[in-house]
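Notes to accompany the following structure.
The values are calculated or read from the model by the stated rules, or taken from the named source; none is laboratory data. Worth saying up front: this structure is predicted, and the values here are computed from it rather than measured. Because the Cβ atoms are built from the backbone with ideal geometry, glycine has one as well, and the counts that use them run over all protein chains shown.
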Amino acid sequence: MALIYKIVALLSLVVSFIQITLGGFVRASESGLGCPDWPLCHGQIIPPMEFHTLIEYSHRLNGSVLGILVTTLLIICLMNYRSEKRLTIANYSAFGLVVGAGILGGITVITELAWWIRLIHLGIAQILAACLMYIVWEFLFANVRNVHIDLSPIRAWKWKMVLCLSLVFLLMLSGSYMVGIGASSSCSSWPLCKGLSIPEGLTYQVHMGHRYISVLSLAFVGYV
């Protein structure tokens, strides 16, 4: 059963990355309304063979596979590893996140791609991937706990790593927000925008804010 759990955990992680990639492709190709209804697509289980429809449908289909994998992961955990508290909490969290992501995916279609719904949807997807990475690490490298390792240098960097990950997460969300409000091409010059560091106008400020967050993230990641 341990081998099955490892395989399902790794598959879940890989499929979650594919799901995030497909979500980005759906957005970039403007295929978000390729399936205008939910949970069916054009009222059918198997939709018409049209480009935008197939792109959106592949995203939904991959999400369904991810949901099945995460549910299987939780069931195996409860049957065999319930005593592992951190692993159990992580599995429950992953299950809740994948359900939430699926519901938000449906709401995204129903609200005709409201930018703030897409922003939350992306945030949940990123947290789910992080949760699955933790599950893989916790289970595959659990034997490391039995080895004596001096963790004091790692603890000293704990909050630096937390801040580093938070900045990268904020960078992705700010990028989604920038695209969502149509500010991605508002500043055509670089590094300034219209010759100013903070120009007037919401779209310009959002665009420059994303640039500043990216510079800060790059600098801090390089430092860490």
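Select from region 131-168 the residues that are at pLDDT below 70 and of a type in the set (Lys, Arg) and write down the one among them that is nearest to TYR212 (Cα to Cα). Out of the qualifying residues, it is ARG155.
Of all residues in region 11-37 being of a type in the set (A, V, I, L, M) and farther than 16 Å from THR71 by Cβ, which is surrounded by the fewest Cβ atoms within 10 Å (Cβ to Cβ)?
ALA28
The number of residues in region 41-83 being part of a loop (DSSP other than H, G, I, E, B), without any contact (Cβ under 8 Å) to a residue 24 or more places away in the chain and either touching a Leu at 6+ places or on another chain (Cβ under 8 Å) or within 24 Å of PHE95 (Cβ to Cβ) (or both) comes to 3. Regarding THR21, is this residue modelled with pLDDT of 90 or more, among the β-branched types (Val, Ile, Thr) and in contact with a strand residue (DSSP E or B) (Cβ under 7 Å, 6 or more places away or on another chain)? Against the criterion (modelled with pLDDT of 90 or more, among the β-branched types (Val, Ile, Thr) and in contact with a strand residue (DSSP E or B) (Cβ under 7 Å, 6 or more places away or on another chain)), THR21 does not qualify.
Listed here are the residues, each with its yes/no results for (1) modelled with pLDDT under 90; (2) of a type in the set (A, V, I, L, M, F, W, C).
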position	(1), (2)
LEU170	no, yes
SER174	no, no
CYS187	yes, yes
PRO191	yes, no
SER197	yes, no
TYR212	no, no
VAL215	no, yes
